[in-house]
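Here's the structure, in structure tokens; my notes come after.
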Amino acid sequence: MAQSVWGYDSDNGPERWHENYPLAKGDKQSPIEINSKDVQHDSSLAPWHASYDPGAAKTILNNGRTCRVVFDDTFDRSVLRGGPLTGTYRLRQLHLHWGSSDDHGSEHVIDGVKYAAELHMVHWNPKHGNFAGALKQPDGVAVVGIFLKVGKTPKPEMKRILEEIDNIKTKGKEAPFQHFDPSILFPKSRDYWTYHGSFTTPPCEECITWILLREPIEVSSDQMAKLRSLSKNGENEPVNPLVDNWRPPQPVKGRVVKASFK
Ligand SMILES: NS(=O)(=O)/N=C1/NCCS1
Ligand SMILES: [Zn+2]
């Protein structure tokens, strides 16, 4: 089976992405390490609001690099607004990044803390016509990032996604995933950090307003094991566990991270 052009292995991983995707060496790359001492509280930052239509959820997919839930984004059906954003952004998909053990897996690192996983809800600005057009704009995309922490009181709302894992074990597997409002995954607090960055996967376009929620949600170690039971390989190929699909922190290059909280 030919190697995919990019991935997370030694021969196609983050250190080599720039060979085929030059943007990966840009000045506004993601993820980054966030150090609270360098964060600037911005009292002008408004609260953010998501209004998602559960009927917009369509399918869940294993694309060999992550587990992704896809939503109908053909009109303003599930939208994000407020916070650092101008206008409304349409929810297109959500996916996760995770480690091979509970002590790492997130992409953003907070005061040295690596969480077990990081969930991304990807939205795009319809003023740019379509998703492909939005990728070329600095205000084209908004991603809400939620950290997953292993704890004793797992969030029941994560169950719905994890229950589907058994149906999408191998690369290319897709299953219906309907009647799902992802805002049930949000933690209690709406506190967030925000900065301008990029996709954490190639081609690494620098079109993202990141909204990272300060409060992690809890999952159980068993739930993390479930996520790690996904495979990179296709059916009837040698088993290659889908783990450590995270990009390490990139140079901040003078960017200032704003906080909605003190
Ligand atoms: N991890 S990420 O959300 O920055 N990368 C993506 N690539 C295509 C859609 S989302
Ligand atoms: Zn992501």
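Scan region 166-185 and give yes if some residue there is more than 16 Å from ligand 2 (Cβ to nearest atom), among the hydroxyl-bearing types (Ser, Thr, Tyr) and under 15 Å from the mean Cα position of the chain (by Cα), otherwise no.
Taking region 166-185 first, the residues more than 16 Å from ligand 2 (Cβ to nearest atom) are 166-181, 183-184.
Applying the additional criterion that residues be among the hydroxyl-bearing types (Ser, Thr, Tyr) yields 170, 183.
Still in the list and also under 15 Å from the mean Cα position of the chain (by Cα): 183.
Yes, region 166-185 contains a residue that is more than 16 Å from ligand 2 (Cβ to nearest atom), among the hydroxyl-bearing types (Ser, Thr, Tyr) and under 15 Å from the mean Cα position of the chain (by Cα).
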Out of 79, 122, 113, which single residue is among the β-branched types (Val, Ile, Thr), at pLDDT 95 or above and within 13 Å of residue 147 (Cβ to Cβ)?
113
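Determine whether residue 172 is on the phi > 0 side of the Ramachandran plot, surrounded by fewer than 21 Cβ atoms within 10 Å (Cβ to Cβ) and more than 16 Å from ligand 1 (Cβ to nearest atom).
Answer is yes for this residue.
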Enumeration of residues in region 73-120 that are of a type in the set (D, E, K, R) and in contact with a Leu (Cβ under 9 Å, 6 or more places away or on another chain)
73, 77, 90, 118
Would you check if residue 60 is closer than 30 Å to residue 166 by Cβ and β-branched (Val, Ile, Thr)?
yes
If I filter region 88-107 down to residues being in contact with a Gly (Cβ under 6 Å, 6 or more places away or on another chain) and in a loop (DSSP other than H, G, I, E, B), which single residue comes out as farthest from ligand 2 (Cβ to nearest atom)?
99
Result of the Cβ filter at 6 Å on region 183-204, keeping first residues that are aromatic (Phe, Trp, Tyr) and partners that are at pLDDT below 95 and crowded, with 20+ Cβ neighbours inside 10 Å, at least 6 apart or interchain, is none
Residue that is of a type in the set (Lys, Arg), in contact with a Phe, Trp or Tyr (Cβ under 8 Å, 6 or more places away or on another chain), over 17 Å from residue 81 (Cα atoms) and modelled with pLDDT of 95 or more, where the choices are 188, 171, 149:
149
Let me spell it out: the conditions are (1) within 29 Å of residue 178 (Cα to Cα); (2) in contact with a Lys or Arg (Cβ under 8 Å, 6 or more places away or on another chain); (3) crowded, with 19+ Cβ neighbours inside 10 Å, and residue 118 meets all of them except one. Which number is the exception?
(2)
Unique match (being farther than 17 Å from residue 106 by Cβ and in a loop (DSSP other than H, G, I, E, B)) among 245, 233
233
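Across region 205-242, which residue is surrounded by the fewest Cβ atoms within 10 Å (Cβ to Cβ) among those that are among the polar types (S, T, N, Q) and without any contact (Cβ under 8 Å) to a residue 12 or more places away in the chain?
236
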Taking the condition out of contact with any Leu (no Cβ under 6 Å at 6 or more places or on another chain) and either under 28 Å from residue 241 (Cβ atoms) or of a type in the set (Gly, Ala, Ser) (or both), does residue 180 pass?
yes
Residue check, residue 106 crowded, with 21+ Cβ neighbours inside 10 Å, out of contact with any Ser or Thr (no Cβ under 9 Å at 6 or more places or on another chain) and of a type in the set (S, T, N, Q):
yes
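The values are calculated or read from the model by the stated rules, or taken from the named source; none is laboratory data. Computed from a predicted structure; not experimentally measured. So basically every Cβ, Gly included, is an ideal-geometry build from the backbone, and we count neighbours across all protein chains shown.
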